[in-house]
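The values are calculated or read from the model by the stated rules, or taken from the named source; none is laboratory data. Quick caveat, the model's predicted, so the values are computed rather than measured. For neighbour counting, all protein chains shown are included, and Cβ atoms are generated from backbone atoms with ideal geometry for every residue, glycine included.
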Amino acid sequence: MINHWAALLERTVNPGASSESASIAPGDDLSSGPTLIFYRVLEAKTVENRIHFDLVTTAFDAELARVVGLGATVRASFESWTTLADPEGNEFDLIRG
């Protein structure tokens with residue numbers, strides 16, 4: 001899962017990643033965002049994600065195609081955003097910016 005998120009956010013996975021935990025670097029320019037840390041949770045998803053990302057883009061159609069190409073699936077489409085799921089079923093939104 002971590003490799004999908006790293007590719008989606010165009011970041012690198014920090015050294016020491018395992019199947020239990022991993023982090024994604026903010027990039028060379030620290031103003032590009034926080035380090036994101038992912039932990040495997042044993043409990044199955046019951047209703048909603050524990051966290052839900054909203055990703056804003058000005059190149060919506062191209063970014064939607066790229067995200068689907070990385071393995072995401074479209075769950076619902078609306079005028080201003082599309083809800084997708086990563087390969088493990090975690091939902092996130094791609095928003096027209």
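Taken over the range 35-69, the criterion of being surrounded by fewer than 15 Cβ atoms within 10 Å (Cβ to Cβ), touching a residue at least 12 places away in the same chain (Cβ under 8 Å) and of a type in the set (A, V, I, L, M, F, W, C) is satisfied by ILE37, VAL56, VAL68. All told, THR82 meets the bar of being surrounded by 16 or more Cβ atoms within 10 Å (Cβ to Cβ) and either polar (S, T, N, Q) or touching a Phe, Trp or Tyr at 6+ places or on another chain (Cβ under 9 Å) (or both). Kindly establish whether LEU36 is under 23 Å from SER18 (Cβ atoms) and in the same structural domain as ASN14 (by TED's automatic domain parsing). Taking the combined requirement at face value, the residue satisfies it.
Tallying residues that are more than 16 Å from GLU48 (Cα to Cα) and surrounded by fewer than 12 Cβ atoms within 10 Å (Cβ to Cβ) within the range 85-96 yields 0.
Only one of the numbered conditions (1) at pLDDT below 85; (2) farther than 20 Å from GLY71 by Cβ; (3) of a type outside the set (Val, Ile, Thr) is not met by GLU20, and that is (1).
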